[in-house]
Amino acid sequence: MKKILLLIIFFILSNNVISQTKNNLLRGKITEQNSGNRVVAGVQVRAGSANATVSDIDGEFTLTFNKIPPGGETVLSLSYKDWVVVNEKDLITKLPDNPNKQILKLYMCPEQLLAQNRRKYYEISEKQIVAKYTKMLSELNRERDDFAELAKQLDDERDASLKSAYELANKFSHYNFDDRSEIQKQAFNEFKKGNIEKAIQILESVNSKHIIANAKKSKANADSTISQNIKMLVFQADLYVLASQFNKAEITYKIAIDADTTIFDNVFSLASFYDIQNSFDKAILWYKKALKIAKNEQQYSTVLNNLGNIYSDKKYYSTAELVYKRALEINERLALKNPQIYEPDVAMTLINMGILYRAKYDYKMAQSCYIRALEIYDRFAVNDPENIKSHLAIIFNNLGVLYSAMNDVRAAIDAYKKALDIREELAAKNPQSHEPEIAAILSNLGELYVDKNDYVAADSVCKRAFEIYERFANSNPQTYEPYLAVILNNLGILFKNKNDYLAAKSAYNRALEIRERLANINPMAYELDVAETLSNLGILYRDMKDYQGAESTFMRALEIYKRLAESNPKSYQIEVATTLYSLGLLYKSWFRASGNMSYREKGLNCVLKSKKALKNCPKVAVTKDFKYQVKHLLKYFRNVK
């Protein structure tokens, strides 16, 4: 199907301007990204009431406006085969005072190539980051008193680098190196080979800060020299992030900003850097600076959205709601004039608000936001890029999670199936990106089917999720083995509920093997997962009447939960209480099977400890049901003869 990128013109006039009789021009030139400035002819160019035109054999076009004055804002739309505009932000532009000297430069490339580059650049960074942190964790001395703290720090740094890698892959895929310096081209070529450190060395060989300072004193080509070196500094800072040299990244971003404090993208990049590093106070400070230099309302609303995300993560829900509403008001107002451009921004804000309201347990408002976002994206999904349908899948998945929390199992399953249908369609063209998402949806569906006791359906979706994760884990174990362990654990629960104890035992043991191996490298990240699988395995052994095996695994789980509860009782004391209760149930079964009073004493002791642990749990973590179960089991042990 022919891919069309549609964008509609809008204008903003000064309060003192009613009409404009003079024709004003906007000239532009379209070239192919990273092609040596090869022109692209035959591109349809539109801008609302301006004359529609086509780029000529030199890639050039001219638009004539009779209502918008110089300085007035306009938005262009370009359509050409299956190509997209790479520097799409520049489609929102202002009419120049001198159209013969101020030429709008636009770059295009095949849409599929843009997606391929984005994926390729992420995989380059991911491979480097995962290998580096796996090595660092394996070399960490486990005998150190601060081992757990250091391991957690490394884990956090790895996660921040991976998150940055995703954002930077998208950023790099939009670079046009036809307007970059030879030094930056050399550095980027090394990056594409996977040599991030070599790329950094190339950029460090140039003292961009010094060159910028000298250029400011000179008049000859000063603007061009300053611009090129600022771009190199920002790229250098980006590479420092991927290399986990965060202090250098921070310093280099600031040098680039100091060179020209008016460049919105650079200030926004530093704010995003702090955001991903979870340095929220600094992120808020720099996002607010970005607000002050935003060149249009779209940039302004984008910053507000990110601020809302921070406030939501910090559980400042009232502030987050106010910020999101402000962003929504801007995007809705812009969308009235230009729905093709701004309605997706409305939808993105609504998704964020839906997540916020679900966190606040305001399920009706969350549902309302998701449904509105769904309606918007649904209109764009037929002819717009792949990421629109990806957003549809995200919304349906979020609705599935929401309906599950609302105990509306039928609606949750329906939402998950719709998300699955979209991902299946996208995976037919791009399996590498979308199959892991399919596995995640299948896993969610499996849990719901188990809750419904529909074990046939649960078996089908869980096994398919397992097949996907196992295949991806074979080629990329660092990324996908944790997910493989999750689905194995879920399969264990399914097989146990089907009374297929041998299959359950096999699934649990394999999940345990993976999680213990991961926990040996990074205990802070994976010990809780080990305890979860041990608890499930203990319940299985109890049902199999392997009481010694059950006791051993429950004790191992209890040891982990107690250790975690020492540093974070609010989160883990409930797990201590639950495991002690499970031990109590085990000793009840063991006592009834053997008649040995020692198991009655052990059971009574465990339930008393469980009751005591419950007193130290947050009230929201303890259900009335569980309190009753503990009380009932305690009564049994006290009354038994």
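The values are calculated or read from the model by the stated rules, or taken from the named source; none is laboratory data. It should be emphasised that the depicted structure is a prediction, and the values quoted were computed from it without experimental measurement. Neighbour counts run over all protein chains shown; Cβ positions are idealised from the backbone, glycine included. Side chains are part of the model used for accessible areas, which takes the heavy atoms of the whole protein and leaves out ligands, DNA and RNA. Shrake-Rupley method; radii C 1.70, N 1.55, O 1.52, S 1.80 Å.
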Legend entry - Computed lengthening from Lys325 to Val54, 0.36 nm per intervening residue step minus Cα-Cα distance: 93.6 nm
Inset, instruction - Can you tell me how much longer the chain between Lys545 and Glu467 gets when fully stretched, taken as 0.36 nm per residue apart minus their C-alpha distance, in nm with one decimal? - result: 25.0 nm
Inset, instruction - Would you mind getting the accessible area per residue of the stretch 331-398, heavy atoms of the protein chains only, 1.4 Å probe, in Å²? - result: 44
Legend entry - Solvent exposure of the stretch 105-196 as accessible area per residue, Å², 1.4 Å probe: 52
Inset, instruction - Evaluate the distance, in nm, between pseudo-label points positioned 7 Å from the Cα of Val409 and of Gln44 along their respective Cα→Cβ axes. - result: 5.1
Inset, instruction - Specify whether the C-alpha gyration tensor of the stretch 500-641 places it in the rounded, prolate or oblate class, a ≥ b ≥ c being the square roots of the eigenvalues: rounded for a/c under 1.5, otherwise prolate if a/b is larger than b/c and oblate if not. - result: oblate
Inset, instruction - Measure off, as a whole percent, the carbon and sulfur share of the 1.4 Å-probe accessible area of the stretch 149-276, all protein chains present. - result: 49
Inset, instruction - Search the structure for amide H atoms under 5 Å from the amide H of Val84, placed 1.01 Å from N in the peptide plane, and list their residues when 5 or more places away or on another chain. - result: Cys109, Glu111
Legend entry - Contact order normalised by residue count of the stretch 100-201, Cα under 8 Å, 6+ apart, percent: 35
Legend entry - Projected label distance in nm at Ala359 and Gln629, using a 7 Å step from Cα toward the beta-carbon: 2.9
Legend entry - Residue-normalised accessible area of the stretch 469-581, expressed per residue, 1.4 Å probe, Å²: 44
Legend entry - Distance between the stretch 321-335 and the stretch 600-624 - C-alpha centres, whole angstrom: 48
Inset, instruction - Report in % the part of the accessible area of the stretch 277-405 that belongs to carbon and sulfur, leaving out ligands and nucleic acids; probe 1.4 Å. - result: 53
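What percent do you get for the relative contact order of the stretch 486-635 when only Cα pairs under 8 Å and 6+ apart count?
It rounds to 15 percent for the stretch 486-635.
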Inset, instruction - Using only Cα atoms, find the angle between the long axis of helix 246-259 and the longest principal axis of the chain, and express it within 0 to 90 degrees, rounded to the nearest 10. - result: 20
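Using a 1.4 Å probe on the protein chains only, how many percent of the accessible area of the stretch 483-577 belongs to carbon and sulfur?
49
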Legend entry - Extension gain, Ser35 back to Lys216 (0.36 nm per residue minus Cα-Cα distance, nm): 62.0 nm
Legend entry - Label-to-label distance, nm, for residues given as Ile103 and Ser279 (7 Å Cα→Cβ offset): 4.1
Inset, instruction - Just need the relative contact order of the chain here, percent rounded to a whole number, with Cα pairs under 8 Å and 6+ apart. - result: 7
Legend entry - Listed pairs Lys127/Lys429; Lys505/Lys545; Lys496/Lys545; Lys248/Lys292; Lys288/Lys325; Lys120/Lys429 exceeding 19 Å between Cα atoms: Lys127/Lys429; Lys248/Lys292
Inset, instruction - Using only Cα atoms, locate the centre of the stretch 543-598 and the centre of the stretch 165-234, then give the distance between them in Å, rounded to an integer. - result: 59
